[in-house]
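Written out below as structure tokens is the structure these notes cover.
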Amino acid sequence: MLDSRPRILSVGTANPPERYRQEDLLERYRVADPRLRSLFTSSHIRTRHLYLAPAGPDGAPVESQGELLAKHRRGAMEIGPQAVEKCLAPLGLTVKDIDYLCCITTTGFLTPGLSALLMREMGFREDCSRVDIVGMGCNAGLNGLNPVSSWALANPGKYALMVSMEICSAAYVFDNSMRTAIVNSLFGDGAAAVLVRASEKDERAFAPKILGFNSHIIPEAVGAMRYDWDDTVGKFSFFLDRDIPYVVGANAERPLARLLATHGLRRRHIAHWLVHSGGKKVVDAIKYNIGISEWDVRHTHSVLRDYGNLSSGSFLFSYERLLAEGRVRRGDYGVMMTMGPGSTIETALIRW
Amino acid sequence: MFETLSFNDGGVHADVAVLTLKRDRINVRQIRELERVCDQLEDHSACKVVVLRGHSLGIDFTDFDPKEALDIHGFNKWEKLVSRIERLPKITVAALDGPCVGGGFQLALACDQRVCTPAVTFSLPEVKLGFLPGMATYRLAKYVGVGHAKRLMLTGAALNAEDALRLGVVDDVDPDLDAVIARTLTALGPMHAVAGTLARRLLLESFHTEPEDAIGHFLAAQHRAISQAAFLDTLAKERG
């Protein structure tokens, strides 16, 4: 019997042209407080691609919320199209072939949203359906892949494109507090696109089938990760609770157990783990709670090291690195796992 | 059921599974049966400790098709099995009653504790035969240091039980194997599988983890341990 479940046919990623070491930021914005400095230098991040404003009179950049939002839009329209091109070009496709577009972001609220802007920028067909997922945070890539995969299944043979565009440098607040320094030392800018289609024609393509999803929300930790308005600075500001790694760790087994049980699988059957590069501590918490090895999270770590936390697109950067490595074999199972505000853990099962 | 081993899970004591090797040499069938035992221990077993009983003269190359060249994938499969035993979600005790050679020694090294009778010897003759003693090149040095490991591997010399005890390769020696097993199980109790296996994992990782990373790993593991019922009980008792 031919298998027509949706498959991830391609992936493409892009980042802003400028790349910074952690020390470069400290120098650029003249960060002197040793506590703040150590947050940057002791993290497991070496470089990040960012759209950085020039230093202000006292070092810290001076950007209004309006300027930040303009940066979000400009940045998304620069790297979003690049990621889409890289995703489609290897298959000889263009945006004219796309029937459904899902855009994901948390770094700015715009109406019309990024999907409309991207369609105009790149010349999608006028009858391409679209949806925007805005404000769901780091986990949103799987919150997007779930409906994208359902749409593909309901519309066999048609191409669905999901694009994550996170301009985290448009969400930066510099006020010399620990709260903002944690955020400013962690997040990077990046875009990632994946192409999904359910078609028997892809039977022989080396592209994983999307077998299912499982979600988990932790209502008691609703405030642990927030991007909300800060009246004192007149900007949206990220907040990350220090207990996030432990909240996520303590819950990580649950959606995973349900996901695997649905498909009659055990953890040992999973050859590839694509875990969101949330930060060193949260990755450690996942490792020791679900019992996976340092090797299993090698791409999670290397993406964090080279790009920082790219929010909703991070796990797709890991996915791209996994494919580039050339170790995946037909029949291998993979688990995708993302975590973020809610607090939530999202999982997906794929099979090559 | 099994041909090359016997497996009794919970028959004598609910917390204990006993796996007995019934073959002098490890053949393909025994590897497959050991994999099946691992499946059972990972998926269904309520036991807390596994006793791996017996001895082994190592891998039986006569069991492989003589017309086929040995390829590296077979060795990979073997190493995966040894790692799997090393990481079982149970505490493992190797109880040895005869020579542990090559692959047999490797299996013992993958266990959490090793006990034996005085006549038992340990050796890795592989290098003398022109190949490598598996990932014993990695594990043995952690137990005895690189110096002793080099001597044992390069000379193929057998280590007797007394020297093995002195070097830390075995934890206890007694002519009465049942007695030493009972003593070891008592010493390991009360057994908390989560805390025990997390401690084992951190120890296995200790030689090659940077201190900055190790503290993060420890905190993640400790949080898991203190979230378990076992620790919450301890805490409730301590606090009256």
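Please go through region B:198-220 and give me each residue that is crowded, with 18+ Cβ neighbours inside 10 Å and touching a residue at least 60 places away in the same chain (Cβ under 8 Å), ordered by number.
Within region B:198-220, just B:ARG201 meets the criteria.
Pairs, please: C-beta under 6 Å, at least 6 apart or cross-chain, first residue on the phi < 0 side of the Ramachandran plot and in region B:142-171, second polar (S, T, N, Q)?
If the second residue must be polar (S, T, N, Q), the pairs left are B:ALA158/B:THR121; B:ALA158/B:SER123; B:ASN160/B:THR121; B:ASP171/B:GLN113.
Say whether the condition of being more than 14 Å from chain B (Cβ to nearest Cβ) and under 18 Å from the mean Cα position of the chain (by Cα) is met by at least one residue in region A:286-299.
Yes, some residue in region A:286-299 is more than 14 Å from chain B (Cβ to nearest Cβ) and under 18 Å from the mean Cα position of the chain (by Cα).
Please find, among A:ARG268, A:ARG329, A:ARG258, the residue that is more than 26 Å from B:GLU212 (Cβ to Cβ) and in a loop (DSSP other than H, G, I, E, B).
A:ARG329
Have a look at B:ALA94, B:ALA119, B:ALA141, B:ALA136 and point out the one that is away from chain A (no Cβ under 14 Å) and in contact with a Phe, Trp or Tyr (Cβ under 8 Å, 6 or more places away or on another chain).
Residue meeting the stated conditions: B:ALA136.
Please report, ordered by residue number, the helices (runs of 4 or more DSSP H) entirely within region B:159-240 with at least 1 residues that are out of contact with any Ser or Thr (no Cβ under 6 Å at 6 or more places or on another chain) and within 14 Å of chain A (Cβ to nearest Cβ).
Where helices (runs of 4 or more DSSP H) fall fully within region B:159-240 and carry at least 1 residues being out of contact with any Ser or Thr (no Cβ under 6 Å at 6 or more places or on another chain) and within 14 Å of chain A (Cβ to nearest Cβ), they are B:193-205, B:211-226, B:229-238.
In region B:67-141, which helices (runs of 4 or more DSSP H) lie fully inside it and hold 3 or more residues that are under 30 Å from B:ASP9 (Cβ atoms)?
The helices (runs of 4 or more DSSP H) meeting that bar are B:72-86, B:103-110.
Just for region B:23-55: of the residues that are in a helix (DSSP H, G or I) and among the aliphatic types (A, V, I, L, M), which one is surrounded by the fewest Cβ atoms within 10 Å (Cβ to Cβ)?
B:VAL28
Which one is nearest to A:VAL173 (Cα to Cα), of the residues in region A:221-252 that are within 14 Å of another protein chain (Cβ to nearest Cβ) and surrounded by fewer than 16 Cβ atoms within 10 Å (Cβ to Cβ)?
The residue in question is A:ARG242.
Within the set of pairs 6+ apart or on separate chains, which have a first residue in region A:89-103 that is within 20 Å of A:LEU117 (Cα to Cα) and modelled with pLDDT of 95 or more, a second that is in a helix (DSSP H, G or I) and β-branched (Val, Ile, Thr), and C-beta atoms under 8 Å apart?
Listed pairs, sorted by first residue: A:VAL95/A:VAL84; A:TYR100/A:VAL148; A:CYS102/A:VAL148.
Do you know which residues across region B:64-75 are more than 13 Å from chain A (Cβ to nearest Cβ) and under 24 Å from the mean Cα position of the chain (by Cα)?
Within region B:64-75, B:ILE72, B:GLY74, B:PHE75 meet the criteria.
I need every pair where a residue in region A:13-38 that is of a type in the set (A, V, I, L, M, F, W, C) has its Cβ under 6 Å from the Cβ of a residue that is outside any loop (DSSP other than H, G, I, E, B), sequence separation at least 6 or different chains.
A:ALA14/A:ILE79; A:ALA14/A:GLN82; A:ALA14/A:ALA83; A:ALA14/A:ALA191; A:LEU26/A:ARG37; A:LEU26/A:PHE40; A:VAL31/A:ARG37; A:LEU36/A:ALA181
The values are calculated or read from the model by the stated rules, or taken from the named source; none is laboratory data. What you see is a predicted model, and the numbers here were worked out from it, not measured in a lab. Note that each Cβ is placed from the backbone with ideal geometry, even for glycine, and that neighbours are counted across all protein chains shown.
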